[in-house]
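The values are calculated or read from the model by the stated rules, or taken from the named source; none is laboratory data. These numbers were taken from a predicted model, which means no experiment stands behind them. As a convention, Cβ positions derive from the backbone with ideal geometry for all residues, glycine included, and neighbour counts pool all protein chains shown. All accessible areas refer to the heavy atoms of the entire protein, side chains included, with ligands and DNA or RNA removed. Shrake-Rupley method; radii C 1.70, N 1.55, O 1.52, S 1.80 Å.
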Amino acid sequence: MVYLLKFGASWILPPGIFILAFFVLSWWLYQKRREKKAACILFSLTFVFYLLCTGWLAEKTMGWLESAYEPSANPQGDVIIMLGGGAYDDTPDVDGSGTLCASPASRLLAAVRLQRRLDVPILLSGGQVYEDTGAEAKIARRVLMSLGVPEDKILTETKSINTSQNARFSAEILREQGLSHPILVTSAFHMKRSVLNFAKQGVEVEPFPADYMVSHHPVFHYTKLRPQTEALLDNVTVLQETLRTFVTRYLE
């Protein structure tokens, strides 16, 4: 009963209510003899949008993207690079002001655990992207220190505002510090493009993906066919990453 209620509720809330409305509109247009072509076009576009809103499709597309690399069971390196992914400067935290968004917070958790296992420095890469966002590497540095990571084990790169700059400015620090075997920590969906950006800077990294968004052994359930904004966001993320990877590989 709980699953049935969830499935039903998704059709009276956005985006489900709009999908349902456009399906009804396409049926109404189809009843008019002169509007059948427009009805078919509207129905097709609505159906594609509906699929993009389903967890069923999101699991397949995001799972494909996240499976590009698997974390090593025995990672080896002389530095851990953690890429930023968003932060807020004025939000309250346990020991001050400024917090990381969900994805970089998950990346940071993986980076801390690796640092404790390997006892190597962490290089935090990420600047202040917008005027009302936080300086990512500085906020992450404060959090790492509050978690017990020694200050002399933390390096910061605070100028980058995108993945390409993450790689470029991090590569400069690696060369200055004499570090040559970095372990790269970022979200699994972001890893393919990140590895490519570092390769273009002449840096070979050991990928250690974190912050997984979907199960890699999904089990089908009918509720995965309900329209959800979360599924739409996942599918848009896959499309964005695919486009940006193409641009990085062939146009930059």
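So here's what we get for this one:
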| read-out | value |
| --- | --- |
| Matching entry among VAL129, VAL143 (being over 17 Å from the mean Cα position of the chain (by Cα) and aliphatic (A, V, I, L, M)) | VAL143 |
| Hits in the stretch 128-145 - residues which are of a type outside the set (D, E, K, R) and at pLDDT 95 or above | ALA137, ILE139, ALA140, VAL143, LEU144, MET145 |
| Pairs with Cβ under 9 Å, 6+ apart, first in the stretch 99-128 and over 24 Å from ASN74 (Cβ atoms), second open to solvent by 40 Å² or more (accessible area, probe 1.4 Å) and among the aromatic types (Phe, Trp, Tyr) | THR99/TYR88; LEU100/TYR88; CYS101/TYR88 |
| Meets criteria (more than 20 Å from LEU155 (Cα to Cα) and among the charged types (D, E, K, R)) for ASP119 | no |
| Filter result for VAL94 (farther than 21 Å from TYR212 by Cβ and under 20 Å from the mean Cα position of the chain (by Cα)) | no |
| Subset of the stretch 131-168 (residues that are assigned to a helix (DSSP H, G or I), crowded, with 21+ Cβ neighbours inside 10 Å and without any contact (Cβ under 8 Å) to a residue 60 or more places away in the chain) | GLU136, ALA137, ILE139, ALA140, VAL143, LEU144, ALA167 |
| Among (1) open to solvent by 80 Å² or more (accessible area, probe 1.4 Å); (2) in a helix (DSSP H, G or I); (3) of a type in the set (S, T, N, Q), the one test that SER44 misses | (1) |
| The stretch 218-252 - residue that is out of contact with any helix residue (DSSP H, G or I) (no Cβ under 9 Å at 6 or more places or on another chain) and open to solvent by 90 Å² or more (accessible area, probe 1.4 Å) and, of those, nearest to ALA58 (Cα to Cα) | VAL219 |
| Restricting the stretch 50-73 to residues that are in a helix (DSSP H, G or I) and among the aromatic types (Phe, Trp, Tyr), the residue that is surrounded by the most Cβ atoms within 10 Å (Cβ to Cβ) | TYR50 |
| Subset of the stretch 93-130 (residues that are in a loop (DSSP other than H, G, I, E, B), touching a strand residue (DSSP E or B) at 6+ places or on another chain (Cβ under 8 Å) and open to solvent by 10 Å² or more (accessible area, probe 1.4 Å)) | CYS101, VAL120, PRO121, GLN128 |
| Conditions (1) open to solvent by less than 90 Å² (accessible area, probe 1.4 Å); (2) at pLDDT 95 or above; (3) not in a strand (DSSP E or B): number failed by MET82 | (3) |
